[in-house]
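Here's the structure we're looking at; comments come further down.
The values are calculated or read from the model by the stated rules, or taken from the named source; none is laboratory data. Note that the coordinates shown come from a computational prediction; the quantities given were computed from them, not determined experimentally. Using ideal geometry, Cβ is built from the backbone for each residue, glycine included, and neighbour counts are taken over all protein chains shown. The protein model used for the area step is the full one, side chains on, heavy atoms only, and it has no ligands, DNA or RNA in it. Shrake-Rupley method; radii C 1.70, N 1.55, O 1.52, S 1.80 Å.
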Amino acid sequence: AVCAWSGAPMRRARGHFCPCRGGSRLGQFLTTVALPPQYNGPMAGMPGPVTVEHRPLPKDYMMESVLVTLFCCLLTGLIAIVYSHETRAALGRGDLAQAEEASRKARSLVLFSLLFGVFVSTSWVIYVVVAL
């Protein structure tokens, strides 16, 4: 068996807590112990464990979405809030690919809403200054 937490071959030893197995009831605590390498076993000559690339979790942009909804553009801000919530939900269920896609969409909508709000506000100020 392979440890889901560290990826190393494992065996269980009684009386210890295993961080990769989660908590369990009293008396059922287990730990993982790395097995010594087997040179004549079925895994001999196989490559070692693959190193996993650790990427940071995608940002959900919820606060930014709420702020641009209130101050810049209601419609695209609300859609950004939906994608921000979708990012949080995907991270909660462990779907990193879906979370990254929803995060990218939320960021794009936040930026669009912000630029649109700045454009409209600036246009209004220029109109008022020229009209007076």
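Structural remarks
- Calculated from backbone phi, Karplus (6.51, -1.76, 1.60) coupling profile of segment 79-89 in Hz, x at Gly/Pro: 5, 5, 5, 4, 5, 5, 5, 4, 4, 4, 5
- Size descriptors for segment 61-131, from the alpha-carbon set: Rg then Dmax equal 14.9, 55 Å.
- Percent carbon-and-sulfur accessible area, segment 61-131, ignoring ligands, DNA and RNA, probe 1.4 Å: 74
- Most to least packed among 86-95, 71-80 [average Cβ atoms within 10 Å]: 71-80, 86-95
- Contact order relative to length of segment 61-131, as percent, for alpha carbon pairs under 8 angstrom and 6 or more apart: 36
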